[in-house]
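> So that we are looking at the same thing, I have put the structure below in structure tokens.
Bear in mind these aren't lab numbers, they're just calculated from the coordinates by the rules spelled out. Just so you know, these numbers come straight off a predicted model, no measurement behind them. Cβ coordinates were reconstructed from backbone atoms using ideal geometry, including for glycine residues, and neighbour counts include every protein chain displayed.
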Amino acid sequence: MRSERRVIQQAYRFELDPNRAQFVLLAKSVGASRYVYNWGLAESRRQYELTGKRPRLGDLKKQLVELKNTDAPWLYEVSAHIGQSALKDLNHAFERFFKSVKGEGAKAGYPRFKKKGGRDSARIYEVTLEERHLRIPNIGRVRLKEACRSAASRVAYSRRRSPAGLTAGSSRLRLNGNVRSCCRKHR
């Protein structure tokens, strides 16, 4: 009999309890994500007006490295994945828009600039889950407001800040086998 190993992905929402230094780094991560997304959208518009073509994702990523070296060296203070994922999100927004125009997908508008506010978010990769903490690159161990016991490996983590300043995160976990968890399931 052949044994199969199942891999299940589920999303969970966590409320974080960061100290002041971690809160500042998380806020910088969110700000960097918004900045790169808006820069990518402005650069896409500018290049479309000049050439009649939107730049490819790979071209924007190369230009992002140049931007970090010249105009925005502060982007090195946050994880490199944040800028990359912001450009991927922008590319996905353009793809949805063009599919909508062709009538192939759900109706979607042209990508808009992101504003600072209650729906701020950033996607962070290579995060590990411990019982009462998340270990986040460039930030360290951030305490969770509730314990979460699970034998899971982290796939991705998104961080969101509410208007009141509370920090919450949703997380996709890759669960190995039969896992019981006390975390609230994200809906």
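> By counting other Cβ atoms within 10 Å of each Cβ, how are SER121, SER33 ranked from fewest to most?
Values: SER121 18, SER33 26.
With the sparsest Cβ surroundings first, the list reads SER121, SER33.
> Work through the residues other than GLU104 whose Cβ is under 15 Å from its Cβ and net out their charges, Lys, Arg +1 and Asp, Glu -1. If you can, show how the numbers build up before the last one.
Details: positive: ARG96, LYS99, LYS102, LYS107; negative: GLU95.
Net charge in that neighbourhood comes out at +3.
> Rank by packing, highest mean first: peptides 127-138, 48-59, 17-28, with packing defined as the count of other Cβ atoms within 10 Å averaged across residues.
Going by the mean number of other Cβ atoms within 10 Å, highest first, we get 127-138, 17-28, 48-59.
> What is the fewest-to-most order of SER100, SER29, SER44, SER79 by other Cβ atoms lying within 10 Å of their Cβ?
Fewest-to-most Cβ neighbours within 10 Å comes out as SER100, SER44, SER79, SER29.
> What is the gain in length, in nm to one decimal, between PHE98 and ARG20 on full extension, counting 0.36 nm per residue of separation less the C-alpha to C-alpha distance?
Once the chain is fully extended between PHE98 and ARG20, it gains 23.9 nm.
> Here's a follow-up. For TYR48 paired with GLU130, estimate the spin-label separation in nm (one decimal), with each label point 7 Å from Cα along the Cα-to-Cβ line.
Rounded to a tenth, the inter-label distance reads 4.6 nm.
> Here's a follow-up. What ranking of TRP74, TRP39 emerges when the number of other C-beta atoms within 10 Å of each C-beta is taken as an exposure proxy, fewest first?
Sorted ascending by nearby Cβ count, the order is TRP74, TRP39.
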